[in-house]
Amino acid sequence: MSLSKYSILCCLLVIITCKLNAQQLAWTEVEPGIWKAVAGKPEAFDLLKAAGAIPYHAGLVQMGDTSFPLSKTEITATMVDGKTYLCFPLDRTEQLYGFGLNFQTVHQRGRIMTLHVDNYAGKDDGHTHCPTPFYVSSKGYGVFINCARYIKVYAGTAVRVNSKTPPVVQDRNTDKNWNSHPYSDAVEMLVPAEGAEIYVFGGPTMMDAVRRYNLLNGGGCLPPRWGLGFTQRMQRLTDAAGVAAEAEAFEEKGYPLDFIGLEPGWQSKSYPCTFEWDKTRFPDPKALIRDMLKKGIRINLWTNPYVSPEAPVFPLIKPYAASYTVWNGAVVDISMPEAQKIFFGALSKNKVDIGVSGYKIDEVDGGDTYLWPDVAIFPSGHSAEQMRQTYGLMMQRYVTELYHERNQRTYGLVRASNGGGASFPYVIYNDYYNHRDFITALINSGFAGVLWTPEVRASKTAEEWLRRFQSNVFSPMAMINAWASGTKPWTFPEVAEQVKQMANLRMQMMPYWYSEFAKCHFQGIPPFRAMNLEPDFAGMEVPKKAPKKKVDLETDPYEDLSAGEIKDQYMAGENILVAPMFTGETSRTVILPKGKWYDFYTGKLVGDGQMITVTPGLDKIPVYVKDGGIIPMMPAMLHAPKAGQKVDIEVRYYGEKPGSYKLYDDDGETFNYEKGEYTFRDIKVEKVNGKIVGNISDAIAGKPNTVGKVTFKMMTD
Ligand code: GAL
């Protein structure tokens, strides 16, 4: 056969093979504005199943209908080599967000990642504590791949031969604009499985797509009120007397405290864990918990899930262990109902049973040097890879169930999560300690369906201590994690008073935080999120500095991927913009979305749709409020209000536009809200002849009502 005939035959073969494998995707609208397609043969065990996610249908219905946001024919799935290749269209001017909890980047177009549950190691390459296979586009839609595998993502990097908009061929010899990354018009993913479920979320805005994703997960979590107070994690070998002394010190010095975290030393042995109280350090845990609860302070317990051969539960759990150990501890196959009963029974007995308020679920993420390898065998038959992608999800799910069956809310910490986990009452943390990157993670958490805390551990200087503390107060969990350092809020006497003021502010803002979390539960709106999700932010993604050269959209659409990327300021709830200060800074720039913005502390107008430079001094973290913004506050208290306790509300009002706000109320501790035992009270405020006129809708008879006296405060003169 001649060479050219041979080539033609080869081409035909390739075309035929492609045709045979290519799959036409059929889209079904599974919830209003959410479509699902099945490519190939998806695996039975996936992210949504591992999480046990049940869509919050009522919330999705309330969002209403929208149209399918992409061209259906341009979404393709091809089966090659037992894997699924997915391709989604990407327009010239589209930016991408999401793909999990990234720490250094917000813009994801042009990135290649492998979405892999892992301990974050300083690089945004997909290896992270929550590598949610979900992205949103600036065009106002979202895509989620429901598969518990390491998914490889090419987010607009590869150039297909059959691209409808191929890049212009350039000559490197003569063209100084030649680009080593030619234009790509697709998001592609390689799913290492014979199929996958694909979800597309309609807009029209990015926020709508994010909300739909969260609501598909069941809506965001609603923490108990006490979860939104302050928490101190103790040095790892603290004993019962140390805990009592800590509680006393907080009270005596007047610092708020809602829960104390015990680190590994509460267990008789750890790494691997016995899940038993150490009898010397904690001779009577029941009495300790009871005494603490009387003071309004709860106890949270650290654990990792690796079972010591000396744990009383070990003989029972052994048949359900994987073929590899972690730190010499058994890795329980918690996907098996029999194993769940035994393992979570051990976490319940003498812990949840005696009033422990929650867990910190550690080391379910990685890294590879200590976790089970991908060649481990699990008795359920689920692969080590699937278990790695879902272990954090399942730990959260089954611990939450321990509390749910007692009709008691919990709020804890976890080091790994994934798609499907948005409704779990857990906050992600890690050992990485870069303050700036912690803020970027907070921004990305809103795209990943998780909560993240920029925890405070230790600091070299009083300035760093205060700066870290300030941003931590504007996050899902206000926490000092002193497991190694033994630090306290007052460790740096030079700033002890400022730290106290911030901790008090956290408590004062509880009615706001609580309402914002309720909006995440019922409406899917992430309480902490990127500026890019603000409706009046569109068009504000202006580069902070002029690009190096003129960007030619035809040849070079994303020459500078970071142009206009906002990584150091974020929205906290409906009305607040937070712009943290970092050690060594005395001033910073802040980009204000369109509309008037006011200083949180003074109520003064600071700008409108512009970049401002601020010099706040060491005492203040820059915080701004929207025009017409309402912040419901309560008096600073040392502990969160108890279930049903009435609290006075001061409604702070900023700016000049009439404002309205939905104040959420329920008992603060149980799941009775799931049965309708809650209210959203309408607050309305306006300025009439320079005077403030405000009102709050009446309490509803028969529903929880914790609102005491309501006063209105005009912040802007
Ligand atoms: C780490 C965890 C820390 C602390 C420590 C205790 O893995 O991230 O926050 O809990 O374990 O050994």
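Look at Asn173 and say whether it is farther than 25 Å from Ala26 by Cα, over 31 Å from the mean Cα position of the chain (by Cα) and at pLDDT 95 or above.
Yes; evaluated as a whole, the condition is true for this residue.
Could you please let me know if Asp333 is crowded, with 21+ Cβ neighbours inside 10 Å, within 16 Å of the ligand (Cβ to nearest atom) and of a type outside the set (A, V, I, L, M, F, W, C)?
no
Take the residues in segment 450-466 that are assigned to a helix (DSSP H, G or I) and in contact with a Leu (Cβ under 8 Å, 6 or more places away or on another chain), then tell me which one is nearest to the ligand (Cβ to nearest atom).
Leu466
Count, please, the residues in segment 659-692 that happen to be loosely packed, with under 14 Cβ neighbours inside 10 Å and either of a type in the set (D, E, K, R) or more than 24 Å from Arg225 (Cα to Cα) (or both).
Of the residues in segment 659-692, 7 are loosely packed, with under 14 Cβ neighbours inside 10 Å and either of a type in the set (D, E, K, R) or more than 24 Å from Arg225 (Cα to Cα) (or both).
Here's a check for you: in segment 362-395, which residue that is charged (D, E, K, R) and part of a helix (DSSP H, G or I) is nearest to the ligand (Cβ to nearest atom)?
That would be Arg388.
For segment 289-299, check the following and say yes or no: at least one residue is in contact with a Ser or Thr (Cβ under 7 Å, 6 or more places away or on another chain) and more than 16 Å from the ligand (Cβ to nearest atom).
Within segment 289-299 (the criterion being in contact with a Ser or Thr (Cβ under 7 Å, 6 or more places away or on another chain) and more than 16 Å from the ligand (Cβ to nearest atom)), the answer is yes, since at least one residue qualifies.
Go through segment 477-494 and count every residue that is more than 16 Å from the ligand (Cβ to nearest atom) and buried (at least 24 other Cβ atoms within 10 Å of the Cβ).
1
Among the residues of segment 460-487, which ones are farther than 15 Å from Thr583 by Cβ and in contact with a helix residue (DSSP H, G or I) (Cβ under 7 Å, 6 or more places away or on another chain)?
Across segment 460-487, the qualifying residues are Val473, Ser475, Ala478, Met479.
Counting only residues that are within 12 Å of the ligand (Cβ to nearest atom) and surrounded by fewer than 23 Cβ atoms within 10 Å (Cβ to Cβ), which one in segment 412-435 is nearest to Glu385 (Cα to Cα)?
Asn430
Have a look at Tyr359, Tyr398 and point out the one that is over 17 Å from Leu115 (Cα atoms), within 16 Å of the ligand (Cβ to nearest atom), in contact with a helix residue (DSSP H, G or I) (Cβ under 6 Å, 6 or more places away or on another chain) and not in a loop (DSSP other than H, G, I, E, B).
Tyr359
The conditions are (1) out of contact with any Ser or Thr (no Cβ under 7 Å at 6 or more places or on another chain); (2) hydrophobic (A, V, I, L, M, F, W, C); (3) without any contact (Cβ under 8 Å) to a residue 60 or more places away in the chain, and Phe671 fails exactly one of them. Which is it?
Phe671 satisfies every listed condition except (3).
Determine whether segment 306-313 contains at least one residue that is of a type outside the set (Lys, Arg), within 22 Å of Glu669 (Cβ to Cβ) and within 15 Å of the ligand (Cβ to nearest atom).
Checking segment 306-313: not a single residue is of a type outside the set (Lys, Arg), within 22 Å of Glu669 (Cβ to Cβ) and within 15 Å of the ligand (Cβ to nearest atom).
Could you list, in sequence order, the residues of segment 693-717 that are of a type in the set (A, V, I, L, M), surrounded by 17 or more Cβ atoms within 10 Å (Cβ to Cβ) and within 21 Å of Asp627 (Cβ to Cβ)?
Residues satisfying the conditions are Ile696, Met714, Met715.
Considering only segment 282-327, state which residues are touching a residue at least 12 places away in the same chain (Cβ under 8 Å), of a type in the set (Lys, Arg) and either surrounded by 21 or more Cβ atoms within 10 Å (Cβ to Cβ) or part of a helix (DSSP H, G or I) (or both).
Of everything in segment 282-327, those that are touching a residue at least 12 places away in the same chain (Cβ under 8 Å), of a type in the set (Lys, Arg) and either surrounded by 21 or more Cβ atoms within 10 Å (Cβ to Cβ) or part of a helix (DSSP H, G or I) (or both) turn out to be Lys286, Arg290, Arg298, Lys318.
Determine which member of the set Phe447, Phe438 is assigned to a helix (DSSP H, G or I) and within 16 Å of the ligand (Cβ to nearest atom).
Phe438
For segment 229-250, check the following and say yes or no: at least one residue is surrounded by fewer than 24 Cβ atoms within 10 Å (Cβ to Cβ), within 30 Å of Met509 (Cβ to Cβ) and in contact with a His (Cβ under 7 Å, 6 or more places away or on another chain).
No, segment 229-250 has no match at all.
Hey, Lys341 hits all of (1) more than 15 Å from the ligand (Cβ to nearest atom); (2) touching a Phe, Trp or Tyr at 6+ places or on another chain (Cβ under 8 Å); (3) among the basic types (Lys, Arg) but one; which does it fall short on?
(2)
With respect to Ser308, is the statement that it is among the small types (Gly, Ala, Ser) and in contact with a Cys (Cβ under 6 Å, 6 or more places away or on another chain) true?
Answer is yes for this residue.
Pick from Tyr391, Tyr398: which is aromatic (Phe, Trp, Tyr) and surrounded by 24 or more Cβ atoms within 10 Å (Cβ to Cβ)?
Going through Tyr391, Tyr398 in turn, just one is aromatic (Phe, Trp, Tyr) and surrounded by 24 or more Cβ atoms within 10 Å (Cβ to Cβ): Tyr391.
Of (1) touching a residue at least 60 places away in the same chain (Cβ under 8 Å); (2) more than 30 Å from Leu25 (Cα to Cα); (3) more than 16 Å from the ligand (Cβ to nearest atom), Thr205 satisfies all except one. Which?
(2)
Name the one entry in Thr303, Thr325 that is within 23 Å of Gly366 (Cβ to Cβ) and away from the ligand (no atom under 15 Å from the Cβ).
The conditions single out Thr325.
Taking segment 244-268 only, how many residues are within 31 Å of the chain's Cα centre (by Cα) and under 30 Å from Gly329 (Cβ atoms)?
The qualifying residues number 10.
What number of residues within segment 583-613 are surrounded by fewer than 17 Cβ atoms within 10 Å (Cβ to Cβ) and more than 18 Å from Met715 (Cα to Cα)?
Going through segment 583-613 one residue at a time, the tally reaches 12.
Looking only at segment 328-354, count every residue that is among the polar types (S, T, N, Q) and not in a helix (DSSP H, G or I) and tell me the total.
Of the residues in segment 328-354, 3 are among the polar types (S, T, N, Q) and not in a helix (DSSP H, G or I).
For Arg236, all conditions in the list (1) more than 30 Å from Ile377 (Cβ to Cβ); (2) among the charged types (D, E, K, R); (3) part of a helix (DSSP H, G or I) hold save one; what is the number of the exception?
(3)
What strands (runs of 3 or more DSSP E), lying completely within segment 625-717, carry at least 2 residues that are β-branched (Val, Ile, Thr) and over 30 Å from the mean Cα position of the chain (by Cα)?
679-688, 691-696, 707-714
Quick one: count up the residues across segment 243-270 that are within 16 Å of the ligand (Cβ to nearest atom), over 16 Å from Tyr359 (Cβ atoms) and among the small types (Gly, Ala, Ser).
So the count comes out to 1.
The values are calculated or read from the model by the stated rules, or taken from the named source; none is laboratory data. Everything quoted here is computed from the prediction, not taken from an experiment. Neighbour counts are summed over all protein chains in view; Cβ atoms, including those assigned to glycine, are modelled from backbone coordinates with ideal geometry.
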